[in-house]
1. Given 51/97; 51/351; 150/351; 118/150; 324/441, which pairs have Cα atoms separated by over 27 Å?
2. Averaged per residue, what accessible surface does the range 81-155 expose to a 1.4 Å probe, in Å²?
3. Starting from the range 1-72, pick out the trypsin sites (Lys or Arg not before Pro) whose DSSP state is loop and whose Cβ has at most 13 other Cβ atoms within 10 Å.
4. Using modelled backbone amide H atoms (1.01 Å from N, in-plane), which distant-in-sequence or interchain residues come within less than 5 Å of residue 8's amide H?
5. List the GluC sites (Glu not before Pro) within the range 1-91 that DSSP assigns to loop and that have no more than 13 neighbouring Cβ atoms inside 10 Å.
6. I'd like to compare 275-287, 206-218: which one has the highest average count of other Cβ atoms within 10 Å, and what's the full order after that?
7. If you filter the range 133-173 for chymotrypsin sites (Phe, Trp or Tyr not before Pro), then keep DSSP loop positions with at most 13 other Cβ within 10 Å, what is left?
8. As a quick test, which of the pairs 38/64; 56/476; 34/476; 38/476; 38/58 have an alpha carbon distance above 21 angstrom in this structure?
Amino acid sequence: MSLQMVSTVSNSSLLQPGFSLLNFDEHVFFFGQKGWPKRSCPTGVFLLDIKQNELKMKPAFFSKDSCYLPPLRYPALCTLRSDAEADEYQYIIHGGKTPNNDLSDKIYFMSLVNKTSKRMTFQCIEKDLGGDVPEARYGHTINVVHSRGKSVTVLFGGRSYTPLAQRTTEKWNSVVDCLPSVFLIDFEFGCCTSYILPELQDGLSFHVSIARDDTIYILGGHSLQNNTRSPNLYKLKIDLPLGSPAVTCTILPGGISVSSAIVTQISDTEFVLVGGYHSDSQKRLVCNTIVLEDSKIEIVESVSPEWTPDIKHCRTWFGCDMGKGSVLLGIPGANKQITPDANYFYILRCKGAEEDKEEELITQICSQTSSEDPGDSTPFEDSEEFCFSAEANSFDADDADTYNEDDEEDESETGYWITCCASCNIDINTWVPFYSTELNKPAMILCSSGAGHWVHAQCMDLSETMLLRLSEANVKYFCNKHVDLHKGLQTPQKVMCLRKPPMKPLRKKKAMKLPTSAKKSFLRRLFE
């Protein structure tokens, strides 16, 4: 193993605990930034370009027919192929936290639809499910298994917010373990079925899961209810006959009590387990080799790299599998750097130079790792852990067919040509600047409805004065589709009743008293 430090050049503050890495065509892409995307990259997906020990991040592109993919931290993701031997694949992304700390229950499919020498274009589609749909969660895993020529997606573990009926003011945003149910998802028919197995008694999150053929191995994980890290090694076997699926679970010996570990694949049957935590305050600096052969699993301790003093003495660390036996590791650097959000980053290569060659890796990996921002969590790992997902693809930092940082086209059309609404008429081939602030891309504004989505200012009929006012003021904006809904959800303002002064009662006029002689004179005239 070799450990090498890399320096960050651009957008390094976006690399915070909670992100994921995706591998497409020997390139690594970053997903899951901490805050909402900026105008420079509304897609929130970046290419990680590492050359000469320098890490650069450049915006990625999405097709016009893509749905909006919010930046999700701590999601579960894996690759989905048409069959176990297929080369083409797409990523399944489920759950995770939005920048508003809301939990997502949506499932997205992300695929590569176009590749040129200068850029790659992705497509994102949201999938609808029926049946026992998993609740919104984070810190869980998702894998794809193959049996009898068919495939099914398996989801397990994670954490969610306390149900609304059980929340209190003091613990409104407290989290609990999700029930230890195993979900089988069939995307061909759009249905989902949950299974309760007697061997799985406690909920787990930030565990490691490795899928091979029709079997999934679940290792480690943290239970909030018992505040323990499970030493058990679970073997889930999924059989897909013509009728109903059969799911069985076996507890195997030789497990490791660890949470938030990272797994990377170094060969067709070998994996390396890196990092993790023994407890809330104790990192795990030991590495293990996992070998899968003939429906058996073997876990042995391997030679660990020469950790730097900074890594040894830091309290938290985070990272993710980059594919091809490489892991990106980060440690907090807030106390040593001018930029508060800056971190130190290392690349751990678990394979020797003689082993670093092209391989077809068909085994799917999905693991979870840890570390939440110090200001957002109580004792580390007890409330938030870092979520990792790793898929078996290759990564080569020295590959010549990478993006050029100086290409002007790379940042000119990033996600600006989406169909923002039903009446959207922004076309890349016919668009001309409408506002004085526009140059080579249309002005966009974020609608705050739900998870948020971007719309074109011109499609919303915003004047230039209003657009500038909204960009300068710290207020929420709602597009034409959601503004009426937002108004309906608002609490009516309390109307102050006007106090009216009481009316003074009218005084009765006193009758005029006539003298007795006058009365007699009046009566005499009246009867004459």
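1. 51/97; 150/351; 118/150; 324/441
2. Heavy-atom SASA per residue in the range 81-155 reads 43 Å².
3. Qualifying residues, ordered by number: 38.
4. 55
5. Filter output for the range 1-91: 85, 88.
6. Ranking, from highest mean packing down: 206-218, 275-287.
7. Hits after loop and neighbour filter: 172.
8. Checking Cα-Cα distances, 56/476 exceed 21 Å.
The values are calculated or read from the model by the stated rules, or taken from the named source; none is laboratory data. Keep in mind it's a predicted model, so treat the numbers as computed, not measured. No Cβ is skipped: glycine too gets one built from the backbone with ideal geometry, and neighbour counts run over all protein chains shown. Just the protein is used for accessible areas: all its heavy atoms, side chains included, with ligands, DNA and RNA removed. Shrake-Rupley method; radii C 1.70, N 1.55, O 1.52, S 1.80 Å.
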